[in-house]
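Down below is the structure, laid out as structure tokens.
The values are calculated or read from the model by the stated rules, or taken from the named source; none is laboratory data. Values in this document were obtained by computation on a predicted structure and should not be read as measured data. Neighbour counts are summed over all protein chains in view; Cβ atoms, including those assigned to glycine, are modelled from backbone coordinates with ideal geometry.
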Amino acid sequence: MTASQYPTTDDARWEAMRRRDRDLDGAFFIAVRTTGVYCLASCAGRPLRKNVEFHETRESARAAGFRACLRCKPDQPRETLRWATIPTSLGLALVARSDSGLRLVTLGDDPDVLVRDLERRFRSARLTPDSEGLRSEFEAVAAEIDGRGPALDLPLDAQGTDLQKAVWAALRAIPAGTTASYAEVARSIGRPTAVRAVAQACGANPLAVLTPCHRVVRADGGLSGYRWGVERKKALLQREAA
């Protein structure tokens, strides 16, 4: 939506707030007299219409005595993430990209569930569907998921703690067709006692298949949990072993 399409009347802004329109976040700000905060259009809060006033800018809301909402964080920089979904042999893949690289790759069967998960993860981002603009990225991701070739040249922009990033780098070093235990991954990053933290980092991995947490197994070689389903993990390992 361009600036010329932003709602200019309070009634239109109220309707945008009622539908939690993320595309209008930052186009105007909602100030709630009963709580003393100002919010974005997509805020999950549900004030009464009589308690609401609208401001063109956050500066105007602050000058009127309102403070930033802690839930929707209207003062936080609004990063744009472009996203698209594509069918793969393991179900749908949702791919989201920042200006720096791939931020998210998730797997599932229901596109609505995947999009809701995207919105939950990036509440403060401006999410823009862009199937055409992301064509090269999601075709490379699909090829990796389907076992038709590694997506080696895709820039990655996974966000996490230093420990999580160390674990994710170690996972990408595990060759296809092989596996490692959580303890082995812990030792490889110089944290031999951090087995539980390694397991948690695997569970928090935002880039399915590209960061191959499916290659991490229990010490006895058994399959452990996989956030995108153990059957998908089994299928990936069988394909890579072949």
Subset tally (residues that are without any contact (Cβ under 8 Å) to a residue 24 or more places away in the chain, of a type in the set (S, T, N, Q) and under 29 Å from PHE122 (Cα atoms)) for segment 162-199: 0
ARG103 being closer than 24 Å to GLY225 by Cα and out of contact with any strand residue (DSSP E or B) (no Cβ under 9 Å at 6 or more places or on another chain): no
Pairs, first without any contact (Cβ under 8 Å) to a residue 12 or more places away in the chain in segment 112-138, second in a loop (DSSP other than H, G, I, E, B) and not β-branched (Val, Ile, Thr), C-beta under 9 Å, six or more apart: SER136/LEU154
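With segment 1-87 as the region, which strands (runs of 3 or more DSSP E) entirely inside it contain at least 1 residues that are in contact with an Asp or Glu (Cβ under 7 Å, 6 or more places away or on another chain)?
Values: elements: 29-32, 37-39, 52-55.
Qualifying strands (runs of 3 or more DSSP E): 29-32, 52-55.
Against the condition buried (at least 17 other Cβ atoms within 10 Å of the Cβ), assigned by TED's automatic domain parsing to the domain that holds SER100 and among the charged types (D, E, K, R), how does GLU137 come out, does it pass? Let's see the steps before the verdict.
Working: buried (at least 17 other Cβ atoms within 10 Å of the Cβ): yes; assigned by TED's automatic domain parsing to the domain that holds SER100: yes; among the charged types (D, E, K, R): yes.
Judged against the criteria, GLU137 is a match.
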